[in-house]
Amino acid sequence: MVIETRRKGWNAMAMAAEEIERLICESLPDARVNIEDLRGDGDHYAAHVVSEAFRGKSRVQQHQMVYKALRGRMGDNLHALALQTSVPDET
């Protein structure tokens, strides 16, 4: 049996921008995080994360650090995240 958990305009699995920011800042305490909800659905975000922890890391490594901070929520609670990362003097 399939139970419909979505109502029009509402996603039970959606993730608030504040929750994304909180998770990132827990893992990267010095991070400056700017998040934009691209569709207003809580599933598609763009995030710019600035942290000294990224210094000396490749972009792939930086993004992996952010995805790790999200603790497995990518693809589940969070469908899409357009991610931009940088160190403080690159902004």
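The values are calculated or read from the model by the stated rules, or taken from the named source; none is laboratory data. Because the structure is predicted, anything quoted here is derived from the model rather than measured. Note: ideal-geometry Cβ built from the backbone for every residue, glycine included; neighbour counts use all protein chains shown. Remember, those area values only see protein heavy atoms, side chains included, never the ligands or the DNA or RNA. Shrake-Rupley method; radii C 1.70, N 1.55, O 1.52, S 1.80 Å.
Would you check which residues across the stretch 54-70 are touching a helix residue (DSSP H, G or I) at 6+ places or on another chain (Cβ under 9 Å) and in a helix (DSSP H, G or I) and list them?
Correct list: Phe54, Gln61, Gln62, Met65, Val66, Lys68, Ala69.
Being open to solvent by 60 Å² or more (accessible area, probe 1.4 Å), among the aliphatic types (A, V, I, L, M) and farther than 20 Å from Glu18 by Cα is the filter here, so list the residues in the stretch 52-91 that pass it.
Val60, the sole residue that qualifies.
What do you reckon, is Met15 open to solvent by less than 30 Å² (accessible area, probe 1.4 Å) and either part of a loop (DSSP other than H, G, I, E, B) or at pLDDT 95 or above (or both)?
Yes: the conditions hold for Met15.
Would you mind stating whether Val33 is under 12 Å from the mean Cα position of the chain (by Cα), on the phi < 0 side of the Ramachandran plot, modelled with pLDDT of 95 or more and open to solvent by less than 40 Å² (accessible area, probe 1.4 Å)?
Answer is yes for this residue.
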